[in-house]
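Here, each number is a calculation from the coordinates, and none is a lab measurement. These numbers come from a predicted model, not from an experiment. We place every Cβ from the backbone using ideal geometry, glycine too, and count neighbours over all the protein chains shown.
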Amino acid sequence: MELLMDKKEFQIMSSEFRRVASRLLKTNVDDGLDNLKRFLNCIEHNPIIWKFIEEHNTLTFDIAKAVQEREMHEGYHIEPDKNYEISFIYQLLKYCAEHCDKYLSICYWYGSGRKFQDMVDSFNDRVVHLFVSHIEVYLKGVWLGMGDDGKINISVNGGQVAIAQGQGTVNATQNNYNGQAQNVKELAEEFYKLIEILDMDKEQKEDTKEIIEVAVAEVVSEKPKRSLIKHAIEKVEYAGKLGMGLNGLNTVGHQLVGLFQQYL
């Protein structure tokens, strides 16, 4: 099966994902399980998103044990690694959808609140939001790579999904970080903190962070897309102009741009 999607159709698809994800993230405690099942159905039946999840769902966890052994007010142990986060959280949500009679079953005593709704809110904020953010950054990268008049071709064959943009193929992200790529990641994290003091509205800051995150993902991929990295450089340089005179921001920004340029 082949699907041809233009940029407008891709935006509509992305908006639908964000709508369903937002519904889960803001769910009422009593509607949690239904909204979780809607969310999983959305991502598992979207070939673009499902391809991304399959590529990063590479680790296997004993979720039943993790749920049963978690102490009161203790968070799930989720290492700050892309594959780890995607694998664990997806498997946790899938476990709940298949084995739990209510969403609260995996949210009990999350955070410091005593109300059930507080527990669900804390779980969604600290766990589900991580998973959703990975998908949002990935979709942003695909969208930027399509160009203004771009199209995306999706081929589904026996459960295997191939995505092509123009004449190129979107490659699976590799996680074999080398030292230099790790430096890019660390500098980006520092840059995110520094731009918080800039006179820039929240939406602009989030957009800047998302585009830089896409570029960071590109530099550790097999074939980094130059257009995405260039776009990130422009965002860093623009923020640097707004923060002229802020030594920390300027220093980190110059270093980040310098590392990004090595992948052009």
Please work out the FRET efficiency for the pair Ala97 and Glu9, using the Cβ-Cβ distance as r and a Förster radius of 30 Å; give the result to the nearest 0.05.
0.60
Would you mind listing how long the stretch 185-263 runs along its three principal axes, going by Cα atoms, in whole Å with the largest first?
36, 24, 18
So, in Å, what gap is there between the alpha-carbon centers of the stretch 15-32 and the stretch 210-232?
29
For the stretch 46-154, what size does the Cα cloud have along each of its three principal axes, sorted from largest down, in whole Å?
51, 27, 26
Under 15 Å from the Cβ of Lys26, count the other residues' Cβ atoms, weight Lys and Arg +1, Asp and Glu -1, and hand me the total.
-1
Which ³J(HN,Hα) values in Hz, rounded to whole numbers, follow from the phi angles of the stretch 114-126 under the Karplus curve 6.51 cos²θ - 1.76 cosθ + 1.60, where θ = phi - 60° and Gly and Pro get x?
9, 7, 4, 5, 4, 5, 5, 4, 5, 4, 4, 5, 8
For Lys193 and Ser133, calculate 0.36 nm times their separation in residues minus their Cα-Cα distance, and state this gained length in nm to one decimal.
19.9 nm
For Thr58, placing the label point 7 angstrom along Cα-to-beta-carbon and taking the stretch 183-227, residues whose amide nitrogen sits under 16 Å are 217-224
Quick one: net charge around Ile12, please, counting Lys, Arg +1 and Asp, Glu -1 for every other residue with C-beta under 12 Å from its C-beta.
+1
